[in-house]
Every structure is written in structure tokens, then in C-alpha cells.
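Read through the structure below, which is laid out as C-alpha cells, and then see the notes.
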Amino acid sequence: MDEQPEAVAAAGATGALDRRAELSEFLRTRRARLKPEDVGLPSFGRHRRVPGLRREELAQLAGVSVAYYTRLEQGNGRNVSAEVLDAIARALRLTGAEHAHLTHLAKPKAHKKKPSSRPQQVRGALRQLVDTLDGIPAYVTGRRSDILVWNRMAAAVFGDWSELPPQERNWARMVFLRPEYRDLYLDWEQKAADIVSYLRMDAGCHPDDPRLSALVGELSVKSEEFRRLWATHDVREKSHGVKRMCHPLVGDLTLCFESFRLPDDQEQTLITYHAEPGSPSADALRLLASWGTVASGVGRAG
């Protein structure tokens with residue numbers, strides 16, 4: 001059942017997301033996506049009242065009792081062992097990102113540190129590195145999909161984020177609430193799904209973060225697409241890939257991105273974009289670089 005916007009907004013107002021509810025819904029949605037034949041179990045062709053595997057089938061695959069798994073799916077993961085979580089992750093065929101998310105939700109004692117309310121700071125040397133990546137759009141993201149620093153080429157491609165108030169320099173806000181970003185991304189639905197999956201992982205690590213809860217609550221009220229994607233409980237990490245865009249000045253752009261999580265701060269990520277050498281997109285990037293501040297000021301973040 002989809003989460004109601006009022007319920008999620010209320011969680012945001014309290015400054016915390018319900019970890020037990022998150023654990024329950026995550027396990028339920030992962031179980032619902034599997035069919036018996038996917039995991040080598042007979043389906044017998046009988047009518048099934050619920051989509052996907054039954055609890056008893058999942059418990060059988062994981063080698064735990066039905067009562068034990070039921071308690072876990074009801075959000076009671078206080079005493080669950082890492083070995084049992086591993087077995088359940090294998091039975092559900094979780095990805096590495098999903099397995100990590102399950103662990104964060106089920107074993108909160110391993111994550112006692114509460115997020116600071118102070119703005120994240122980027123090291124001076126990293127700021128210099130981003131600035132010196134001439135001709136390459138680059139920026140650093142932090143918690144909650146916040147954009148912390150960016151270079152001239154990132155502004156030319158994505159818009160001059162310096163024109164936005166600091167609290168609005170956030171990928172989730174821009175993708176779901178600003179129409180120009182829907183126009184920018186030819187694969188907007190995929191970009192939106194990626195953003196939501198990142199927020200889900202953040203919420204698993206820091207459900208007591210009031211700023212994250214407030215962001216989720218606001219987006220749930222203002223965006224039907226966000227509510228739909230949030231209710232899927234999907235989590236994933238993408239360290240590289242391709243984005244297709246339609247820039248208002250140079251037209252279609254196909255750019256490859258690479259993400260580098262900082263070794264000394266796992267909550268900050270450097271992201272760079274480049275075009276295939278000799279391609280029309282490479283020519284377009286050079287054109288944007290030659291235009292400089294003129295390109296960055298054209299209606300992308302205004």
C-alpha cells in the first residue's frame with residue numbers, strides 16, 4: 001500500500017522517520033517482487049492472495065522460522081544477527097546496496113552518530129580541484145542530495161546554482177519541484193528514481209535527521225511522482241553511467257558521469273561529466289566552455 005502524503009509529512013514534522021515502519025515496508029516490498037519460480041519453488045498454479053512470495057516461503061529459503069521472520073517484517077529487528085540478515089538478503093536476492101540498507105534499518109545500534117545540523121563543509125583543496133577541472137562539469141554532493149560546490153562548467157550545463165538560496169541547492173528539490181529540470185533530462189524518470197533511491201539509503205542510515213525528514217515530507221506533499229517512487233522503497237547506488245539531456249543553448253547532450261565517494265568523508269561525493277571524444281556532445285561542451293558565464297545564466301536555475 002502506498003504511503004499517504006499526510007503520513008510522510010507528519011513524520012517530517014516530528015523530525016524523524018519511523019525505522020520500524022521503514023524496515024517492515026522494505027522487506028514487504030522486496031518479498032512482493034519475487035515469484036516462487038524465481039527462487040526454485042513450485043507455484044502449483046493456485047491463486048495467491050498477495051503478490052510475490054509468502055512469508056513462510058521466504059522463511060523456508062532463509063532457514064528461519066516463520067514466526068521469527070514475521071517479527072522481523074513487522075519491524076522488530078533489535079536482536080537479529082548479521083548471519084540471519086545475510087541469509088534473508090540471499091533469499092530475497094538483494095543487491096549490495098539493498099543488503100546494506102537492510103542492515104542499517106535492522107541494526108540501528110551500529111549507527112549511533114546523529115547528523116550535525118551545521119552545513120557540510122568541503123575541504124579547500126577539493127574546492128580547488130573542482131575549479132581546476134576546466135572543460136569538465138564537476139560538483140560535490142553531500143547528505144540529502146545537497147549540492148555543496150560546483151565549477152563553471154557545471155553551471156553552464158545545469159544552471160548557475162549560486163542564484164538559488166542555499167537550501168534550494170538540492171537535487172531532489174530541483175528534479176521534482178523545478179520544471180526546467182524536467183525539460184533538461186530526456187530520461188527524467190530515471191533521474192528522479194535515482195534521486196529517490198539515494199534519499200532512501202540516506203534515510204536508512206539517518207532516520208533521525210530532521211532536515212531529511214522535512215525534505216521527504218515536503219516533496220511527498222508537493223509531488224505525486226515523488227510519492228509514487230518513495231513508496232517503492234527502491235535503493236541503489238550508481239557510481240557511473242550516462243545521462244541524456246536537452247540543453248537550451250546547444251541542444252542534445254550525451255554525457256558520461258563518474259562518481260567518487262571521498263575516502264575520508266563517505267557523505268560527500270565528487271561527480272564529473274565528460275563526452276565521448278570527437279562526438280557532437282564534446283563539441284557542444286567546448287562551445288559552452290567558450291561562452292562561459294553567458295551559458296550559465298540562461299534560465300536553468302532562475
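A few points about this structure:
- Verdict on P5 being under 18 Å from L94 (Cα atoms) and modelled with pLDDT under 75: no
- Scan of region 150-165 for residues that are crowded, with 21+ Cβ neighbours inside 10 Å and either among the acidic types (D, E) or not in a helix (DSSP H, G or I) (or both), ordered by number: W150, N151, G159
- Screening Y185 on (1) buried (at least 21 other Cβ atoms within 10 Å of the Cβ); (2) under 17 Å from L255 (Cβ atoms) shows it passes everything except condition (1).
- When restricted to residues that are assigned to a helix (DSSP H, G or I) and either at pLDDT 90 or above or aromatic (F, W, Y) (or both), region 37-56 contains 2.
- Neighbours by Cβ (under 7 Å, 6+ apart or cross-chain): first from region 141-162, within 15 Å of S197 (Cα to Cα); second of a type in the set (K, R) and at pLDDT 95 or above: D146/R169
- Region 71-96: number of residues that are surrounded by 18 or more Cβ atoms within 10 Å (Cβ to Cβ), in contact (Cβ under 8 Å) with a residue 24 or more places away in the chain and either outside the structural domain of A32 (by TED's automatic domain parsing) or part of a helix (DSSP H, G or I) (or both): 4
- Filtered residues of region 246-269 (kept if assigned to a loop (DSSP other than H, G, I, E, B) and over 21 Å from R286 (Cα atoms)): P263, D264
- Residue match in region 238-245 (condition: in a loop (DSSP other than H, G, I, E, B) and within 30 Å of G75 (Cβ to Cβ)): yes
Matching residues to (1) over 22 Å from Y139 (Cβ atoms); (2) surrounded by 15 or more Cβ atoms within 10 Å (Cβ to Cβ); (3) free of Cβ contacts under 8 Å to residues at least 60 places away in the same chain; (4) among the acidic types (D, E):
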{"site": "I195", "(1), (2), (3), (4)": "no, yes, yes, no"}
{"site": "T232", "(1), (2), (3), (4)": "yes, yes, no, no"}
{"site": "G241", "(1), (2), (3), (4)": "no, no, yes, no"}
{"site": "F257", "(1), (2), (3), (4)": "no, yes, yes, no"}
{"site": "Q266", "(1), (2), (3), (4)": "no, no, yes, no"}
{"site": "I271", "(1), (2), (3), (4)": "no, yes, no, no"}
{"site": "G278", "(1), (2), (3), (4)": "yes, no, yes, no"}
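- Residue check for M174: part of a helix (DSSP H, G or I) and in contact with a His (Cβ under 9 Å, 6 or more places away or on another chain): no
- Filtering region 172-205 to residues that are under 24 Å from H99 (Cα atoms) and over 8 Å from the mean Cα position of the chain (by Cα) leaves A172, Q190, K191, A192, A203, G204, C205.
- Any hit, region 125-139, residues being among the hydroxyl-bearing types (S, T, Y), at pLDDT 95 or above, under 17 Å from the mean Cα position of the chain (by Cα) and under 30 Å from T29 (Cβ atoms): no
The values are calculated or read from the model by the stated rules, or taken from the named source; none is laboratory data. Fair warning: this is a prediction, and the values are worked out from it, not measured in the lab. Don't worry about glycine lacking a Cβ; one is built from the backbone with ideal geometry, like all the others, and counts go over all protein chains shown.
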